[in-house]
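The values are calculated or read from the model by the stated rules, or taken from the named source; none is laboratory data. Here the structure is a predicted model, which means the values were calculated and not measured. Neighbour counts run over all protein chains shown; Cβ positions are idealised from the backbone, glycine included. These area figures cover heavy atoms from the full protein model, side chains too; ligands, DNA and RNA do not enter into them. Shrake-Rupley method; radii C 1.70, N 1.55, O 1.52, S 1.80 Å.
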Amino acid sequence: MPSESIDNIPGEQPKRFPWRVLWFLLIASLVGAAAGIPFILEVFRPLIQNSPPIPIPLPLLVVIGVAENLLLFGVIIGIGLLLARRMGLGAPLIESWLYHEDSPVRLRDSFKSGALLGVAVGIVLVIIILGVAPHMPDLPFVRAARAPIWKRLLACFYGGIDEEVLTRLFLLTLFAWLGLRVFQKEKARLLPSSFWIANVLAAVLFGLGHLPAASRVMQITPEVILLALALNGIAAVPFGYLYWKRGLEAAMIAHFCADFVLYVVGVGFLKN
């Protein structure tokens, strides 16, 4: 991996708040959320069919859902960008494109690093999950095999966009900023120790965050919790490293590629 990265580029971060980046990421997050709906409806179809009718007209429910996502992701992205600017983090490629400025990282390097790492992570996850799938037939991964390939492909955009915005841009950045404020009061640049603590904390919360959805289709046992932490940790920790060294875009590419290997390619082995 080339040595060039965000955190070793000299010079101060722009003082302006990147409003264009906020709006771009907000629209992308809404598109990603919409792309994940067909897959979610497919995986949780039995639960939805057995649920009581919703006492709200569908058009109104859609409007409410869009409004909630606008507010939630608007706040998350705004806080993430505000704090990231102070530590040399953020989305350098998107910002340079929207503001017609030079970027501290190159698109080719970010894409190459993200794609290679994402594919590698996806392969590792597929191997592990295929090993435990016979003992946990209700895993969402197993249920995903029943979904059409186009739904599985669209779901990759949700993971690559929305989950990265939430986990890397918001959670990891927030933890890193807190570490900077508490442990590095006289330091202007984020130290590796503070970053790795923040990265691990974000990875743990990312893993635990998958349990509520999983609990709707399977019983949550200590083994399931350990599996969720291990699998998501394998993905989240290197994605966080990419975010630190290459920016949010590289982490998004890696997450998308890992999900592609997992949900588009990997689940096909369950049918054999």
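Under a point-charge model restricted to the Cβ atoms of Lys and Arg (+1) and Asp and Glu (-1), what is the dipole moment magnitude of the chain relative to its Cα centre, in debye to the nearest 20?
60 debye
In degrees from 0 to 90, rounded to the nearest 10, what is the angle of the helix 192-208 Cα long axis to the longest principal axis of the chain?
On a 0 to 90 degree scale, this one is about 20.
For the stretch 169-268, calculate the relative contact order in percent as a whole number, restricting contacts to Cα pairs under 8 Å that are 6 or more residues apart.
Reported relative contact order: 23 percent.
When only DSSP loop residues count, what trypsin sites (Lys or Arg not before Pro) in the stretch 172-272 have their Cβ near at most 16 other Cβ atoms within 10 Å?
Lys185, Lys187, Arg189, Arg216
Based solely on its DSSP helices, what 222 nm [θ] is calculated for the chain when runs of n ≥ 4 H residues each add -39,500 (n - 2.57) and the sum is averaged over all residues, nearest 500 deg cm²/dmol?
-21000 deg cm²/dmol
Would you mind computing, in nm to one decimal, how far apart the modelled labels at Leu211 and Ile123 are, each placed 7 Å from Cα along Cα→Cβ?
Output for this residue pair reads 3.2 nm.
Using only Cα atoms, tell me the angle between helix 19-43 and the longest principal axis of the chain; keep it within 0 to 90° and round to the nearest 10.
Once rounded, one gets 20 degrees.
Which whole-Hz couplings ³J(HN,Hα) result when phi for each residue of the stretch 174-181 is put into the Karplus expression 6.51 cos²θ - 1.76 cosθ + 1.60, θ = phi - 60°, listed in order with x for Gly and Pro?
Values per residue, Gly and Pro as x: 4, 5, 5, 5, 4, x, 5, 6 Hz.
Find the eigenvalues of the gyration tensor of the Cα atoms of the chain, then list the square roots of 5 times those eigenvalues as equivalent ellipsoid semi-axes, largest first, in whole angstrom.
Over the Cα atoms of the chain, the semi-axes work out to 32, 22, 18 Å.
Computing the accessible area with a 1.4 Å probe over protein heavy atoms, can you report the carbon and sulfur percentage for the stretch 169-272?
Within the stretch 169-272, the accessible surface is 69 percent carbon and sulfur.
Loop only per DSSP, at most 14 neighbouring Cβ atoms within 10 Å: give me the trypsin sites (Lys or Arg not before Pro) in the stretch 83-163, ordered by residue number.
When the trypsin sites (Lys or Arg not before Pro) of the stretch 83-163 are filtered for loop state and at most 14 Cβ neighbours within 10 Å, Arg106, Arg146 remain.
Within 15 Å, Cβ to Cβ, of Leu25, how many net charges do the neighbouring residues add up to if Lys/Arg are +1 and Asp/Glu are -1?
After counting each charged neighbour, the total is -2.
Suppose all protein chains stay in the model; what accessible area per residue would a 1.4 Å probe give for the chain, in Å²?
Ligands and nucleic acids excluded, the result is 52 Å² per residue.
Please identify the longest segment of the chain free of exposed GluC sites (Glu not before Pro), where exposed means a DSSP state other than H, G, I, E or B and no more than 16 other Cβ atoms within 10 Å.
Segment 13-100 is the longest.
Need one number: nm distance between label points at Ile220 and Leu98, each 7 Å from Cα along Cα→Cβ, rounded to one decimal.
Going by the 7 Å Cα→Cβ label model, 3.4 nm.
Quick one: if you stick a label point 7 Å off each Cα along the C-beta vector at Arg16 and Arg106, how many nm between them?
Result for the modelled spin labels: 2.7 nm.
Determine the shape class of the stretch 196-272: with a ≥ b ≥ c the square roots of the Cα gyration tensor eigenvalues, call it rounded for a/c under 1.5, and otherwise prolate if a/b is greater than b/c, oblate otherwise.
It comes out oblate by the Cα gyration axes.
Heavy atoms only, probe 1.4 angstrom, no DNA, RNA or ligands counted: give me Trp150, Trp196 ranked by accessible area, highest first.
Sorted descending by solvent-accessible area, the residues read Trp150, Trp196.
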